[in-house]
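Right, one structure below, let's go through it.
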C-alpha cells in the first residue's frame, strides 16, 4: 500500500482527533463522522463565555449520529429545528463527510499537501436564531460524490446564547464575552486546521461558504483577525453583510432582551428577578430561546432595517465594521464568490417579516434621506410601499446592495466572482416568490427529492432546475480546488461589474441593475 493511501484516507472508521477517537460510518459511497465535539460544552460557568478547548473523552466517541443542536424556538418565527432533533447548550459539534474511495494522485496545485482533498466548510443560516447542521441530513453528500472534497458542517451557538452582547453585565468575578457564535465558528475552523488531515482533507485548502446568516458569517469572518489563515477561499450566498452593529445598539437590544426574559420568567414562576445577571445565568435554554423570538419580532419595528441577533463591533474580536475593512483592504485577501437571488425579499412576509418591508419601516429608513435621493430610489420600486415593491426594497436593502459593496471593495485586493441567481420553477413564480431567498439551496444541495423540492417543481421545470444545481456544484467545486469557478465566469471589478446570471440559460451581464445600484449609492451613502 502506498504512503499516500496510508496517510490520506483513514483505513478504518476510527479516527484520532482532538479529544480522543471518533468512530464514523460508511454509507452510500461516503464516510461520515457526525456530532464531533470541537470545543468544550459551553454550559454552567462557561455559559456566555468564549469557547474553550474540547475536553478529552474515554473510549471511542460514537460519530454515527448527529450531535445536539443549539437551543431555538419554532414558535412565531422561522422554521427551526424539528422537535425530534435534540437541542441543548452542549451544541459545539461538527460533521465531516469524505469520499469512500482511494485518494487521487497528487496534483500540482500550490495548496496541495500529499494529495489531500480540498475542504469545504458550510455555515448554516437562520437569522442566527434557528437552524442547524442537520436540517437536511444528507446535505453536502452531492458535493463530496461529485467533487471528491471533504465537507464539514458545523453547529454554533444561536439566539441570546450566541448573538446578543451582554458584556455590559460583565464583572471580573463573572465575565460575559461578545460575539460568541462568531467565536464558535473560529474555534470550528481551528479544529479543521488541526484535525482535517486525519479525514483526508487538506488544511491548506479550505473553502468557507454559507447562506443567509451563514453568508453574513462568511463576510464577517473575512474581517475577523483571529480567522486569518484558517480558510483560503470564501463563498457568500445571499449574505446581509451590513448586519453587524455598534456596541451601543447591541447594548440596547441586550437590555430589552433581559426585560423580555424577566417578564417570561415572572409569568412562569410568579416571582420577579431584580438582577439581569441572575436571569441570564439561571434561565432554561428553552426560555432563553422563547425570549429571543420575542425580541426578533419586535426589533424590526423599533429599529427598522436591522437584525438584532447579529455580530457586534466590539473593537477587539471584531474590531471594525466589515464593510469598512473591505473598503480599506483589511479583509483577508482570499478569492470570493458572492451573490444574491433576484428577489431576496419576496420570502420575508407573514411570520418572517423581519426586513424593512412595511410602510412604517420604510418611512423610518427614508426619514433622514435627501429629497432627490428618495425620489431616485422610489423610481426603482414603482408602487412602493405596495407589497411586491416593498418586499423587493427590503430584500435589496439587506442583501443585494451591501453584497454589491462587498464585491466591489474586495475586488480591489483579491479575485471576486459575482452572481445573481434568477432560476425558479413555474409554481414558485406563480406563487409570486420567483428566485427568492434560499431557493438556490435546493438545486445546489440536491434537495429536489424532498417534500418541498418535489412540491416546487409540481408544475414542471424539475430537470432544468436540477441542471442549474449541477452547474453550481461544478463552479463551487472548481472554486474550492483552484480558486476559480469557470473560464466563462469573469472576475468582477468596479469598472465593468461583470456578473454571472444563473438561470435555465446562464449569461454574463455588465452591471445588471446599474441604475438601481447608483440610486442606492445616493440613498445610503454610508454603506
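The values are calculated or read from the model by the stated rules, or taken from the named source; none is laboratory data. Everything numeric here is computed off the predicted structure, so don't read it as measured data. Note that each Cβ is placed from the backbone with ideal geometry, even for glycine, and that neighbours are counted across all protein chains shown.
Within segment 370-381, can you find the residues that are surrounded by 16 or more Cβ atoms within 10 Å (Cβ to Cβ) and assigned to a loop (DSSP other than H, G, I, E, B)?
Matches in segment 370-381: 380, 381.
Quick check, is residue 37 more than 20 Å from residue 98 (Cα to Cα) and surrounded by 13 or more Cβ atoms within 10 Å (Cβ to Cβ)?
no
Out of contact with any helix residue (DSSP H, G or I) (no Cβ under 7 Å at 6 or more places or on another chain) and assigned by TED's automatic domain parsing to the domain that holds residue 26: is that true of residue 125 in this structure?
In short, no.
Residue-wise test of (1) in the same structural domain as residue 124 (by TED's automatic domain parsing); (2) under 20 Å from the mean Cα position of the chain (by Cα).
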{"residue": "213", "(1), (2)": "yes, yes"}
{"residue": "217", "(1), (2)": "yes, yes"}
{"residue": "263", "(1), (2)": "no, no"}
{"residue": "272", "(1), (2)": "no, no"}
{"residue": "292", "(1), (2)": "no, yes"}
{"residue": "301", "(1), (2)": "no, no"}
{"residue": "306", "(1), (2)": "no, yes"}
{"residue": "311", "(1), (2)": "no, yes"}
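Is it fair to say residue 187 is under 16 Å from residue 228 (Cβ atoms), out of contact with any strand residue (DSSP E or B) (no Cβ under 7 Å at 6 or more places or on another chain) and at pLDDT 95 or above?
Against the criterion (under 16 Å from residue 228 (Cβ atoms), out of contact with any strand residue (DSSP E or B) (no Cβ under 7 Å at 6 or more places or on another chain) and at pLDDT 95 or above), residue 187 qualifies.
Kindly state which helices (runs of 4 or more DSSP H) lie completely within segment 232-339 and contain at least 1 residues that are without any contact (Cβ under 8 Å) to a residue 40 or more places away in the chain and over 19 Å from residue 219 (Cβ atoms).
Correct list: 247-269, 276-282, 285-302.
Go through (1) out of contact with any strand residue (DSSP E or B) (no Cβ under 8 Å at 6 or more places or on another chain); (2) surrounded by 21 or more Cβ atoms within 10 Å (Cβ to Cβ); (3) not in a loop (DSSP other than H, G, I, E, B) one by one and return the number of the condition residue 157 breaks.
Of the numbered conditions (1) out of contact with any strand residue (DSSP E or B) (no Cβ under 8 Å at 6 or more places or on another chain); (2) surrounded by 21 or more Cβ atoms within 10 Å (Cβ to Cβ); (3) not in a loop (DSSP other than H, G, I, E, B), the odd one out for residue 157 is (3).
Could you go through segment 168-180 and let me know if any residue there is surrounded by fewer than 23 Cβ atoms within 10 Å (Cβ to Cβ), in contact (Cβ under 8 Å) with a residue 40 or more places away in the chain and either under 18 Å from the mean Cα position of the chain (by Cα) or not in a loop (DSSP other than H, G, I, E, B) (or both).
Yes, there is a match, as at least one residue in segment 168-180 is surrounded by fewer than 23 Cβ atoms within 10 Å (Cβ to Cβ), in contact (Cβ under 8 Å) with a residue 40 or more places away in the chain and either under 18 Å from the mean Cα position of the chain (by Cα) or not in a loop (DSSP other than H, G, I, E, B) (or both).
Mind listing whichever residues of segment 1-18 are modelled with pLDDT of 50 or more and either surrounded by fewer than 19 Cβ atoms within 10 Å (Cβ to Cβ) or touching a strand residue (DSSP E or B) at 6+ places or on another chain (Cβ under 6 Å) (or both)?
Correct list: 12, 13, 14, 15, 16, 18.
Restricting segment 517-527 to residues that are assigned to a helix (DSSP H, G or I) and under 26 Å from the mean Cα position of the chain (by Cα), which is surrounded by the fewest Cβ atoms within 10 Å (Cβ to Cβ)?
521
Within the group 353, 302, 331, 284, which residue is crowded, with 20+ Cβ neighbours inside 10 Å and out of contact with any strand residue (DSSP E or B) (no Cβ under 6 Å at 6 or more places or on another chain)?
The match here is 331.
Could you tell me whether residue 459 is closer than 25 Å to residue 124 by Cα, assigned by TED's automatic domain parsing to the domain that holds residue 348 and touching a helix residue (DSSP H, G or I) at 6+ places or on another chain (Cβ under 6 Å)?
Spelling it out, it is not the case that residue 459 is closer than 25 Å to residue 124 by Cα, assigned by TED's automatic domain parsing to the domain that holds residue 348 and touching a helix residue (DSSP H, G or I) at 6+ places or on another chain (Cβ under 6 Å).
Inspect segment 241-251 for any residue being farther than 30 Å from residue 404 by Cβ, modelled with pLDDT of 95 or more, crowded, with 22+ Cβ neighbours inside 10 Å and out of contact with any strand residue (DSSP E or B) (no Cβ under 8 Å at 6 or more places or on another chain) and give the result as yes or no.
No, every residue in segment 241-251 fails to be farther than 30 Å from residue 404 by Cβ, modelled with pLDDT of 95 or more, crowded, with 22+ Cβ neighbours inside 10 Å and out of contact with any strand residue (DSSP E or B) (no Cβ under 8 Å at 6 or more places or on another chain).
If we keep just the residues of segment 325-354 that are farther than 28 Å from residue 484 by Cβ and out of contact with any helix residue (DSSP H, G or I) (no Cβ under 7 Å at 6 or more places or on another chain), which is modelled with the highest pLDDT?
Once the filter is applied, the top-ranked residue is 347.
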